[in-house]
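Asker: Next up is a structure, given as structure tokens.
Values quoted throughout were computed directly from the atomic coordinates according to the rules given, and no laboratory measurement underlies them. From a predicted model like this one, the values you see are computed outputs, not experimental measurements. So basically every Cβ, Gly included, is an ideal-geometry build from the backbone, and we count neighbours across all protein chains shown.
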Amino acid sequence: MNTTLGSIPSGACIGLLGGGQLARMIVLAGHPLGFRFLVLDPGASAPAALVGARQIAASYSDPAALAEMVCCCDLITYEFENIDADTVAWLEQRVELPQGSLLLRTAQNRLKEKKALTELNIPVTPFLEIYDEDRLQQALSSFGRVVVKTVSGGYDGKGQSIILREEEIPEAFGKLHRYDEPLVAEQMLDFERELSVIVARSRSGEVRCFPVAENLHMENILTISRIPARITSLAEAQVKCIAVRIANGLGLSGVMGVELFHMKNGDLLVNEIAPRPHNSGHFTQDACGICQFEQHLRAIAGWPMGSSELRNPAVMLNLLGDQLNRVLEKLQFLPSESRLHVYGKTKARPGRKMGHLNLVSEDLQDLLDPLKRFRIWEPKMLESMLG
């Protein structure tokens, strides 16, 4: 049956640029809606292909592969930002691609992103554009401590260095600087909490926010999220207001993750945005009326969006490297509130995201002792988030 609920009907073929875990979960969310999927990913047996998407194993710039995507797909979406924006621009001239190339160009360049947010009067982490070591010295003098980053290509802590002393400047600049683009130096902040929110905006302009998550990163990789965040209802409303302003101001179609710092004086500063499903939104699969992946599909397809309300408090734990195997060995000891999500990757490398664990409970403190007995996550980390 091909029942049209919006501009893109059930039964349509949706193309995915990128076939990793986010694409996998988009496919899993899309099957009950009747969508078919075609994924373009250069890797063999991409995680999305293991759950029913047909895969084209080719580079993202392969002309024949892109032509096949145009021919076979009713709509195309991307799961991560490291896709050439010119390729996306070429595609959006030939097939529906609601996320578009303009927002992608903004999000995949840290300087463009910060400048775009500043133009929308969104508070961001203080920053300076860096072309040479003298300018980096100026940033260090102004900010006291800085994180210097490449403007493109970095994620999960890659492509950045912390500078605390003047003598560290030459090594950091030499390691990161490329002759064809500047760097960005951001002030290192003493914040109270790291927060994030998933905002969804449909092609018709309907906007919905999921509950705000409180996050803990270890070695620049998200380790644990707790929902709701330990902030006031006013702060929660302010976070969502910022996210809606960004979504409307940048013309979002689909879902977007907005990461923020909650300062000790109550200020909120946006750290970065990601215009696609986001790691800190995985809790929505088991704790909300609709998950971020189905919401994304509804938004880009032009369907009415579902309820993003929180049904019960939740904790999301990333499973990195061999943590997944260690969880599988003790699966019978997991709390009954747990829901395990495995990504189908064959090789576990340190820091590689292999899956995640969602735990839903009326009282998150009840999860502290069972998780500590698992001896996988640092007890102090768990206490800081659940105690």
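Asker: In the structure displayed, which of 240/347; 175/264; 114/345; 345/372; 347/372 lie more than 31 Å apart, Cα to Cα?
Answerer: Where the Cα-Cα span goes over 31 Å, the pairs concerned are 240/347; 175/264; 114/345.
Asker: Run lengths n ≥ 4 of DSSP H only: what is the helix-derived mean residue ellipticity at 222 nm for the chain, with -39500 (n - 2.57) per run over all residues, to the nearest 500?
Answerer: -8500 deg cm²/dmol
Asker: Right, another one. Quick one: grab the alpha carbon gyration tensor of region 251-379, order the square roots of its eigenvalues as a ≥ b ≥ c, and give me rounded if a/c is under 1.5, else prolate or oblate depending on whether a/b is larger than b/c.
Answerer: Because a/c hits 1.5 or more and a/b exceeds b/c, region 251-379 counts as prolate.
Asker: Compute, for the chain, the length of the dipole vector about the Cα centre, with Cβ point charges of +1 (Lys, Arg) and -1 (Asp, Glu) only. Units Debye, rounded to 20.
Answerer: 820 debye
Asker: I'd like the projected area of region 13-97, averaged over all directions, using the convex hull of its alpha carbons. Report it in nm² with one decimal.
Answerer: 4.7 nm²
Asker: Quick one: among 287, 64, 49, which has the greatest mean-square fluctuation in a GNM of the chain with alpha-carbon springs under 10 angstrom?
Answerer: Of 287, 64, 49, the most mobile in the Gaussian network model is 64.
Asker: Now a separate question. Can you pull out the trypsin sites (Lys or Arg not before Pro) in region 295-347 that DSSP calls coil and that have at most 13 other Cβ atoms within 10 Å?
Answerer: Those that pass, being in a loop and sparsely packed, are 311, 330, 347.
Asker: Putting +1 on Lys and Arg Cβ atoms and -1 on Asp and Glu Cβ atoms, find which of 260, 325, 124 reaches farthest to the positive end of the dipole of the chain.
Answerer: Of the listed residues, the answer is 325.
Asker: Within the set 158/330; 115/353; 353/380, which residue pairs have Cα atoms separated by over 26 Å?
Answerer: Table pairs above 26 Å Cα-Cα are 158/330; 115/353.
Asker: Follow-up. Here are a few candidate values for Cα Rg over 2.2 N^0.38 Å: (1) 0.93; (2) 1.25; (3) 0.98. Which one was actually calculated from the structure I just gave you?
Answerer: Computing Cα Rg over 2.2 N^0.38 Å and matching it to (1) 0.93; (2) 1.25; (3) 0.98 gives (3).
Asker: Quick one: which residues, 5+ away or cross-chain, put their amide H under 5 Å from the amide H of residue 289? H built at 1.01 Å from N.
Answerer: Answer set, sorted by chain and number: 309, 311.
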